[in-house]
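**Q** Have a look at this one before I ask anything.
The values are calculated or read from the model by the stated rules, or taken from the named source; none is laboratory data. These numbers come from a predicted model, not from an experiment. A quick note on method: Cβ atoms are made from the backbone with ideal geometry, for glycine too, and the neighbour counts reach across all protein chains shown.
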Amino acid sequence: MNIENIYGDQKWTDFGGKSPLIAVFKSFHGLSPEIEAVINEQTFPVNFGKNKHVASPLKRNKYIYLILKGAVHGYIKTGNNKITTWIAAENELAGTMRNLWEDIPTDEYVETIENVLAIAIPHIKPVKK
């Protein structure tokens, strides 16, 4: 699936023409124009309403999210109880970590605690040598 076909050429219009992830990376090290193009192509903005699951045992995690506005929490369930294991807010990354590199189920949930605007970053399974 080509993200450009879904979001069109204007997906970064509200962000000054490029993915906000580029500025985050550039704060650590310069990027080549080719790397910037890949980031612009492969990432995309997403919105989640309050109390929505971003990931769960039934909703496989395919992205890590750079939170631009709002907050999320990660939790596990024990009976009817939610046990929060972490919280992420603006300028932090969020997503399930327990199955980040493997296509296996996880007991981890990621849920918004406010309305969220984020940048979806696909994670790719590393190539085995």
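**Q** Wholly within the range 43-123, which strands (runs of 3 or more DSSP E) include no fewer than the required count, namely at least 3 residues that are farther than 24 Å from ASP14 by Cα?
**A** Strands (runs of 3 or more DSSP E) meeting the threshold: 72-78, 81-88, 108-112.
**Q** To continue, here is another question. Looking only at residues that are polar (S, T, N, Q) and exposed (fewer than 12 other Cβ atoms within 10 Å of the Cβ) in the range 2-48, which one is modelled with the lowest pLDDT?
**A** Once the filter is applied, the top-ranked residue is ASN2.
**Q** Taking the range 49-63 on its own, how many of its residues are exposed (fewer than 13 other Cβ atoms within 10 Å of the Cβ) and among the polar types (S, T, N, Q)?
**A** Qualifying residue count for the region: 1.
**Q** Looking at the range 42-76 only, could you name the residues that are under 15 Å from ILE113 (Cβ atoms), basic (Lys, Arg) and more than 13 Å from the chain's Cα centre (by Cα)?
**A** LYS50, LYS52 - these are the residues of the range 42-76 that are under 15 Å from ILE113 (Cβ atoms), basic (Lys, Arg) and more than 13 Å from the chain's Cα centre (by Cα).
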